[in-house]
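**Student:** Please see the structure below; I have some questions.
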Amino acid sequence: MINQENNDLYDLNEALQVENLTLNDYEEICKRLKRKPNRTELGMFGVMWSEHCCYRNSKPLLSKFPTKGKNVLVGPGENAGVIDVGNNQKLVFKIESHNHPSAIEPFQGAATGVGGILRDIFTMGARPIAVLNSLRFGNLDKSSNVDLLRGVVSGIAHYGNCVGVPTVGGEIDFDDSYSGNPLVNVMALGLLETEEIVCSGAKNVGSPVLYVGNTTGRDGVGGASFASSELTITSLDDRPAVQVGDPFVEKSLIEACLDAFKTGDVIAAQDMGAAGLTCSSAEMAANGNLGISIDLDLVPSREDDMSSYQYLLSESQERMLFVVKEEKISDLIEKFNKWGLYASVIGEVIGTNEVIISHKGKIVAQIPTSALSDDTPVNFHNVMNNPPDDLLNKWEWKENDLPEIHEQKIFSLKDNKNFSFSEIILKLLSNPSIASKRWIYKQYDSQVQANTVFTPGKSDAAVVRLREQNKKYKSKSKVFSGVAASVDCNSRWVALDPFRGSIAAVAESARNVSCVGAEPVAITNNLNFSSPENEIGYWQLSSSCNGIAEACKALETPVTGGNVSLYNESKYKDNLISPINPTPVIGMVGRIDNVEKAISSEWKNIEDQIWLIGSSKSEIKIAASSYLEYFHGEITGRPPKIDLLDEKFCQSFLRNAILNSLVVSSHDISDGGLAIALAESCILSEKGATIELEKDLKRVDNLLFAEGGSRIIFSINKIKQNEWFNYLKQNQINFPSSVYVKKIGYVSSDTLKIKINEKNICNIRVEELTEKFNNSISDYF
């Protein structure tokens, strides 16, 4: 018999508002339970039926993604995806968001975002080997955005540095749409240490349920529901919904868990993340098609007089839930106590498909597992048949709408004066979204574990050496394989065309991985969007999912899992709602058989040849470009269309040339176009470049600053030029007619010089490029 715990006297409307549930939800809950829920049960439904936990608005769209592939071992549905990376090694990876917590408590919000994604990785039996992050903030001319950036970066650095996992890469962008609603997406990678992948499904009726890790407090109560609603002027009152993390406890938890998993005594494991004990117990039961009974009096707590509601909805950090072998209880508890961690049997697996919770000797919740986990409500929305009128109008924009070029100068529609092309390059390099992120990544420990091949900022993708974790399969080879990882999204492109922009995000993340010499294998994604209840917001989400699905199928990079973060918008006093730019972040992973073959972005030797590869089928446009926004102040036009078959060929050709030791540097052309890509390679190498381009019917600013085209610049070692030409000749027969490879210049000493039709367009010393590029963000601090 359910004890109502005096909860049956709650005000229904107030409770539904707190739990972010509707009256229809309440009626459905009563139908599932065949009675009215008490206040504790209503709280459990509130978190488990939130978008954050059950994807109630996005689930129909996620089914479009390809999730199977020759290297995929575990796809969506578990704590993280798992792929085979060869040599008997398995890579575990996933991306998660901590957007709303970071908006109101940036340090702890970001720190616990790192802690949470790391637990998703080692819960599977993998040792975390790397972290990347994708961040979005409002423009830095507002002090509040500077404070958010400082707090978030400090939180990521604190947790990652203390726990001993390197932060090896990432991306960051600034736009007014993120003011008040920053995005903090964290991706983690791990290498499996156990014989078998540890999964979350409970097994064997009567098996003990073991709680391990930190104690439970009142911090983070209701965090999942909080993450599934828009931010308002009263959101600071929700600070108790933000968790507080301890990276030193997490480090102990990593070692203790991996030690326990290797014994084979742990049958199933689940991290206590969003929705805490409620989610972990319900998902373990549902994934095993069984039930779980838990006694809250046995849960280690750090505070007195906690209610059952607080125990079940607390998101206190560094906690795990195991199903274990009964005869091994004492051994396991001893292992965790050795690491200074709590370990307590708090329940058992039961045969009936329900979650039963008792507190103070009485049952306080009894809910069918299906109602909390695998049979949650789905909200179906109608998708607009056509793009919004304002986008259709923007798609009509043409390059001819820009001022004409006179005497190698162009009039800025933003600053109302003329600039030379050299001045434009320097202006773009100093924009925070393009400029060096050195001020940020210098705060991160990127070298701990001694497997990071390139320091952040040096290469288009992070590269991590894979050392043997499982001694049983220890290789005798002295050659180390590796993984490459990149996080990418051009949210301006997605805002102007969610379908094309999302295709571009997948293509660019794969291109970055290919630029270091690795083969793209699979992705994880973080879909950051505004409210799905707004028809434009849902159309953006649907179009983006279509684009991701199409690109992943074409590039053969299946989706292994990820995260959906909706309701990213700010609500002001006058009820005006400001949504973020739609931001589907793609986390791409690739593999390389020999990390010694991996290459970075900077030029290597004076007189090395500089080449360009691209596709004439992939459009090259000023529309939707950084140049158009940052120089002319206009966010308009339709983003370039990418030909995915040509994109795939360009990447494959480049990878093979890298692995044949012909290409010594490569860098994809993205924000700012060709001129900025060249400048960045000059800055990284402290060497110049002499470039000669041919002008066709295109404008000069199109040649320099247009984006798209599936393009990559790369350099050929000067002593291997004959080998390169022979390689090029041998492979020419396989080239699609639309793919071109052409020499555009050579590496020089200390100046970036660009000529078009033999006219000098740009002549900038590398020192000047570097000063603008390196000091832009730090100047705000």
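The values are calculated or read from the model by the stated rules, or taken from the named source; none is laboratory data. In this text the structure is predicted, and so the values were computed from the model without any measurement. In this analysis, Cβ positions are derived from the backbone assuming ideal geometry, glycine residues included, and neighbour counts consider all displayed protein chains. Only protein heavy atoms, including side chains, enter the accessible area calculation; ligands, DNA and RNA are left aside. Shrake-Rupley method; radii C 1.70, N 1.55, O 1.52, S 1.80 Å.
**Student:** Okay, helix-only estimate at 222 nm for the chain: each DSSP H run of n ≥ 4 adds -39500 (n - 2.57), divide by all residues, round to 500 deg cm²/dmol; what do you get? Mind dumping the intermediate values first?
**Tutor:** Working: 26 runs with 260 residues, N = 781.
Counting only the DSSP helices, I get -10000 deg cm²/dmol.
**Student:** GluC sites (Glu not before Pro) within the stretch 387-431: which are DSSP loop residues with at most 13 other Cβ atoms inside 10 Å?
**Tutor:** Values: sites: GLU396, GLU399, GLU404, GLU407, GLU423; in loops: GLU396, GLU404, GLU407.
Answer in residue order: GLU396, GLU404, GLU407.
**Student:** Provide the per-residue ³J(HN,Hα) series for the stretch 685-701, in order, calculated from phi with Karplus coefficients 6.51, -1.76, 1.60 and θ = phi - 60°, each as a whole number of Hz, with x at glycine and proline positions.
**Tutor:** 9, 6, 10, x, 8, 10, 10, 10, 10, 9, 8, 9, 7, 7, 5, 4, 5
**Student:** For a label point 7 angstrom out from the Cα of GLU399 toward its Cβ, which stretches of the stretch 739-777 have the backbone nitrogen within less than 18 Å?
**Tutor:** Label zone hits: 740, 755-759, 761-762.
**Student:** With θ set to phi - 60°, apply the Karplus curve 6.51 cos²θ - 1.76 cosθ + 1.60 along the stretch 717-727 and write out the HN-Hα couplings as whole Hz, x wherever there is a Gly or Pro.
**Tutor:** Karplus values, whole Hz, x for Gly and Pro: 4, 4, 8, 10, 5, 5, 4, 4, 5, 5, 4.
**Student:** Further question on the same structure: Taking the Cα centre of the chain as the origin and placing charges on Cβ (Lys, Arg +1; Asp, Glu -1), which of VAL355, VAL198, GLY220 is farthest toward the positive end of the dipole?
**Tutor:** Of the options given, the answer is VAL198.
**Student:** While we're on this one: Measure nothing but the geometry: give the 0 to 90° angle between the long axis through the Cα atoms of 766-775 and the longest principal axis through the Cα atoms of the chain, rounded to 10°.
**Tutor:** On a 0 to 90 degree scale, this one is about 20.
**Student:** If you don't mind, another one. What GluC sites (Glu not before Pro) in the stretch 584-621 are in a loop by DSSP, with at most 15 other Cβ atoms within 10 Å of the Cβ? Before the final figure, lay out the partial values.
**Tutor:** On the way: sites: GLU596, GLU602, GLU607, GLU619; in loops: GLU602, GLU607, GLU619.
Answer in residue order: GLU607.
**Student:** Can I ask one more? What are the semi-axes of the equivalent ellipsoid of the stretch 476-536, taken as the square roots of 5 times the eigenvalues of the Cα gyration tensor, listed largest first and rounded to whole Å? Before the final figure, lay out each step's value.
**Tutor:** On the way: eigenvalues 211, 30, 10 Å².
Each semi-axis is the square root of five times an eigenvalue, giving 33, 12, 7 Å.
**Student:** Related question: Would you kindly state how much longer the chain becomes between LYS553 and ASN385 on full extension, computed as 0.36 nm times their sequence separation minus their alpha carbon distance, in nm to one decimal? Write out the running numbers ahead of the final one.
**Tutor:** Details: separation 168, 0.36 × 168 = 60.48 nm, distance 2.37 nm.
Value of the extension gain: 58.1 nm.
**Student:** If you put +1 on each Lys and Arg Cβ and -1 on each Asp and Glu Cβ, how big is the dipole of the stretch 733-772 around its Cα centre, in Debye rounded to 20?
**Tutor:** Result for the stretch 733-772 is approximately 240 debye, rounded to the nearest 20.
**Student:** VAL378 to SER143: extension gain in nm, 0.36 nm per residue of separation minus the Cα-Cα distance?
**Tutor:** Details: separation 235, 0.36 × 235 = 84.60 nm, distance 4.02 nm.
Additional length available on full extension: 80.6 nm.
**Student:** Using the Cα centre as the reference, give the magnitude of the dipole from point charges on the C-beta atoms of the chain (Lys, Arg: +1; Asp, Glu: -1; all else neutral), rounded to the nearest 20 debye. Numbers along the way, then the final one.
**Tutor:** Numbers: 78 positive and 99 negative charges, 502 e Å.
Charge dipole, the chain, about its Cα centre: 2400 debye, nearest 20.
**Student:** Give the angle, between 0 and 90 degrees and rounded to the nearest 10, that separates the Cα long axis of helix 644-659 from the longest principal axis of the Cα atoms of the chain.
**Tutor:** 80
**Student:** Considering only the chain, what is the antiparallel percent among its DSSP beta bridges, to the nearest 5? Please list the in-between numbers first.
**Tutor:** Values: 107 of 132 bridges.
Antiparallel bridges make up about 80 percent of those DSSP assigns within the chain.
**Student:** Related question: MET272's amide H: which non-local residues (gap 5+, or another chain) put their own amide H closer than 5 Å, with H modeled 1.01 Å from N in plane and none for Pro or chain starts?
**Tutor:** Here ARG319, MET320, LEU321 satisfy the definition.
**Student:** Students often check this: by mean Cβ neighbours within 10 Å, which of 357-364, 314-321, 380-387, 39-46 ranks highest, and how do the rest follow? Could you put the intermediate results ahead of the total?
**Tutor:** On the way: 357-364: 17.5, 314-321: 27.8, 380-387: 12.2, 39-46: 25.5.
Highest mean packing first, the order is 314-321, 39-46, 357-364, 380-387.
**Student:** Just to confirm a number: summing +1 for Lys and Arg and -1 for Asp and Glu over residues other than VAL378 whose beta-carbon lies under 15 angstrom from that of VAL378, what do you get?
**Tutor:** Values: positive: ARG32, ARG56, LYS59, LYS64; negative: ASP25, GLU28, GLU51, ASP374, ASP375, GLU533.
With Lys, Arg at +1 and Asp, Glu at -1, the net is -2.
**Student:** A further question on this structure: Which of the listed residues, GLY688, PHE122, VAL82, is farthest toward the dipole's positive end in the chain, when Lys, Arg count +1 and Asp, Glu count -1 at the beta-carbon?
**Tutor:** Among GLY688, PHE122, VAL82, the one farthest towards the positive end of the dipole of the chain is GLY688.
**Student:** Continuing with this model, one more query. Long-range amide H contacts for GLY672: which residues qualify at under 5 Å (H placed 1.01 Å from N, peptide plane, sequence gap of 5 or more or a different chain)?
**Tutor:** SER626, TYR627
**Student:** Kindly identify the stretch 47-134 as rounded, prolate or oblate by the Cα gyration tensor criterion: order the square roots of the eigenvalues as a ≥ b ≥ c, call it rounded if a/c is under 1.5, otherwise compare a/b with b/c, prolate if a/b is larger, else oblate.
**Tutor:** Values: a/c = 2.46, a/b = 1.26, b/c = 1.96.
Verdict is oblate for the stretch 47-134.
**Student:** Carbon and sulfur together cover what percent of the accessible area of the chain at a 1.4 Å probe radius? Can you show the working numbers first?
**Tutor:** On the way: 13310 of 29270 Å².
Heavy-atom surface of the chain belonging to carbon and sulfur, 1.4 Å probe: 45 percent.
**Student:** Would you mind checking the pairs LYS617/LYS753; LYS437/LYS571; LYS437/LYS648; LYS70/LYS203; LYS617/LYS742; LYS398/LYS621 and listing those with alpha carbons more than 19 angstrom apart? If you can, show how the numbers build up before the last one.
**Tutor:** On the way: LYS617/LYS753 28 Å; LYS437/LYS571 30 Å; LYS437/LYS648 29 Å; LYS70/LYS203 28 Å; LYS617/LYS742 16 Å; LYS398/LYS621 10 Å.
As for pairs spanning more than 19 Å Cα to Cα, those are LYS617/LYS753; LYS437/LYS571; LYS437/LYS648; LYS70/LYS203.
**Student:** Taking the Cα centre of the stretch 514-646 as origin, work out the dipole magnitude from +1 charges on Lys and Arg Cβ and -1 charges on Asp and Glu Cβ, in debye rounded to 20. Before the final figure, lay out each step's value.
**Tutor:** Details: 10 positive and 17 negative charges, 46 e Å.
Using Cβ point charges on Lys, Arg, Asp and Glu, the stretch 514-646 gives about 220 debye.
**Student:** If you don't mind, there's one more thing I want to ask. Mind giving me the FRET efficiency for LYS362 and LEU645? R0 is 56 Å, r the Cβ-Cβ distance, nearest 0.05 is fine. Walk me through the numbers on the way to the answer.
**Tutor:** Details: r = 64 Å, r/R0 = 1.14.
For R0 = 56 Å, the calculated efficiency reads 0.30.
**Student:** Let me ask something else about it. Between ARG218 and ASN88, what's the calculated FRET efficiency when r is the beta-carbon distance and R0 is 41 Å? Round to 0.05.
**Tutor:** Numbers: r = 45 Å, r/R0 = 1.09.
Rounded to the nearest 0.05, the efficiency is 0.35.
**Student:** Let me ask something additional. Would you please name the chymotrypsin sites (Phe, Trp or Tyr not before Pro) within the stretch 480-573 that are DSSP coil residues with at most 16 other C-beta atoms within 10 Å of their C-beta? If you can, show how the numbers build up before the last one.
**Tutor:** Details: sites: PHE480, TRP493, PHE499, PHE529, TYR538, TRP539, TYR567, TYR572; in loops: PHE480, PHE529, TYR567, TYR572.
Of the chymotrypsin sites (Phe, Trp or Tyr not before Pro), the ones in loops of the stretch 480-573 whose Cβ has at most 16 other Cβ atoms within 10 Å are TYR572.
**Student:** Just to verify a number: FRET efficiency for ASN337 and ASN775, C-beta to C-beta distance, R0 = 56 Å, to 0.05? All intermediate terms of the calculation are to be shown ahead of the outcome.
**Tutor:** Details: r = 51 Å, r/R0 = 0.91.
Here the calculated transfer efficiency is 0.65.
**Student:** Set Lys and Arg Cβ to +1 and Asp and Glu Cβ to -1, take the dipole of the chain about its Cα centre, and tell me which of TRP49, ILE29, ALA495 lies farthest positive.
**Tutor:** ALA495
**Student:** Tell me, what HN-Hα J-couplings in whole Hz come from the Karplus equation 6.51 cos²θ - 1.76 cosθ + 1.60 at θ = phi - 60° for each residue of the stretch 275-284, using x for Gly and Pro?
**Tutor:** Taking θ as phi minus 60°, the curve returns 6, x, 5, 4, 5, 5, 5, 5, 5, 4 Hz for the stretch 275-284.
**Student:** Once amide H atoms are built 1.01 Å from N in the peptide plane, which residues 5 or more positions from ILE292, or in another chain, come under 5 Å H to H?
**Tutor:** ILE350, GLU354, VAL355, ILE356
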